[in-house]
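Values in this text are rule-based calculations from the coordinates and carry no lab data. Quantities reported herein were computed from a predicted structural model and do not represent experimental measurements. Methodologically, a virtual Cβ is constructed for each residue, glycine included, from the backbone with ideal geometry; neighbour enumeration extends over all protein chains shown.
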Amino acid sequence: MTMSEKPNPPRLIAWELTSRCNLSCVHCRGASTDEEAIGELDTFEAKTFIDQVASLGSPILILSGGEPLVRPDVYELAHYGTNKGLRVVLATNGTLLERETVRKLKEVGIKRVSISLDGADSATHDGFRGVEGAFDKAMEGIEALKAEGMDFQINTTITKRNLGEIPRILKMATSLKADALHIFLLVPTGRGENLADEEIPPAEYERILHWFYEQKKHTSLELKATCAPHYFRIMRQCAEKEGMEVSINTHGFDAVSRGCLGGTAFCFVSSTGDVQPCGYLPVIAGNIRNQSFGEIWNNSTLFNELRDFSLLKGKCGKCEYKNVCGGCRARAYAATGDYLEEEPYCIYHPR
Ligand code: HEM
Ligand SMILES: C[C@H]1O[C@@H](n2cnc3c(N)ncnc32)[C@H](O)[C@@H]1O
Ligand code: SF4
């Protein structure tokens, strides 16, 4: 990109509508609790933000949190975003979903709902979620989504404690007839910092992502590894071994996407208006109370650095896969304090 060219608009924005939550998960990047949120964007500010997003492009807008369903104007904001031409989706822990809630979400144009399930049973899931009964409630939430015909996906965060359950979670997602299973690999940030010992070791990463690649061949579920940029290297290495070209026809959307999208196609907006590359990387490109979203997206030094892969350091900087992987900038930051440093959880030695 030359200085005069505008960056591509974001394709996906995760928006923390509120930092407040009815659960208190051990790994929560937002360290969310049930305490009243301070400094949240009000309805007017939130709509102004939606206007600014829509004037830039028409990304998927993920209403996230905290728990977005504890914010009373969630329906009003979803409706507003839908009317502006955005594809609005909702990310919830699933415990507050009743059929009436789902009906309202459909009415305001929510296209898909993600439910977080971190275990194949209540023992594991409730252990993550800090509240007994969270698993059963989330299951009831899924039943409500199905009964109302809402598309849904399951989001699972992987750590050492549930790694062995991932095949069971995949089976469960299949039998629940979910549209997708998205796995997130723990980033030790927020309350997740206390779980740094539970990050799976690099060799296990490698193994689970190879497994994931194989599973994609046998399922109609959309499987996506988020915050696991090395997947895009592994996919190419596997395809090469199989004598296959990586293309949309053979590998679907993964063929045209890349590992870390933070600052290039994705960003996170906090409940107080801070714009970040992602929710797991606590560095701020700007605040929408001071500048327009478009100005921040197009001009912030932070985002422009993340768009320039030649700035990557260490192994990531030398890697022949840097354009398709790029390492997790949040994990690099958590480990070193420098978001351009090498991804600490990658086993690969660049040629
Ligand atoms: C359609 C329904 C979808 C829902 C409900 C959903 C939900 C989520 C949520 C909750 C997050 C975490 C954001 C946060 O709270 O910090 C997230 C992150 C992310 N999602 Fe999805 N997602 C959806 C679809 C997609 C699609 C289609 C893509 C493909 C481009 C995608 C790519 C990502 C990426 C790149 C991240 C950020 C993590 C990173 O930095 O790599 N999501 N998604
Ligand atoms: C939006 C999704 O992000 C997950 N999530 C929350 N905190 C973290 C973290 N520190 N690392 C990885 N995933 C996380 C939630 O469990 C939810 O499924
Ligand atoms: S991960 Fe989601 S459900 Fe859990 S405490 Fe954080 S915001 Fe709440």
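Which whole-Hz couplings ³J(HN,Hα) result when phi for each residue of the stretch 112-117 is put into the Karplus expression 6.51 cos²θ - 1.76 cosθ + 1.60, θ = phi - 60°, listed in order with x for Gly and Pro?
7, 10, 9, 10, 7, 10
Nearest 500 deg cm²/dmol is fine: what mean residue ellipticity at 222 nm does the chain get from its DSSP H runs of n ≥ 4 alone, each adding -39,500 (n - 2.57), divided by its residue count?
On the way: 13 runs with 121 residues, N = 351.
Helix contribution divided over all residues of the chain: -10000 deg cm²/dmol.
Shape of the stretch 148-201 from its Cα gyration tensor (a ≥ b ≥ c, root eigenvalues): rounded if a/c is under 1.5, otherwise prolate when a/b > b/c, or oblate? It would help to have the intermediate numbers written out before the result.
On the way: a/c = 3.93, a/b = 1.92, b/c = 2.05.
Oblate is the answer for the stretch 148-201, as a/c is 1.5 or above yet b/c matches or exceeds a/b.
Suppose we keep just the DSSP beta bridges with both residues in the chain; what percent of those would be antiparallel, to 5?
Roughly 10 percent of the DSSP beta bridges within the chain come out antiparallel.
Take the chain, connect every pair of alpha-carbon atoms lying under 10 Å apart with a spring to form a Gaussian network, then pick out the residue of 251, 27, 125 with the largest mean-square fluctuation.
The residue with the greatest mean-square fluctuation here is 251.
Report the net charge of residues surrounding residue 141, where surrounding means a beta-carbon distance below 12 angstrom and charges are Lys +1, Arg +1, Asp -1, Glu -1. If you can, show how the numbers build up before the last one.
On the way: positive: 99, 137, 146; negative: 67, 98, 136, 140, 143, 148.
Taking every other residue near residue 141 into account, the sum is -3.
Sort by residue number and name the cysteines in the chain that have no neighbouring cysteine Cβ under 4.7 Å.
Flagged as lacking a Cys partner: 21, 227, 238, 260, 267, 278, 316, 319, 325, 328, 346.
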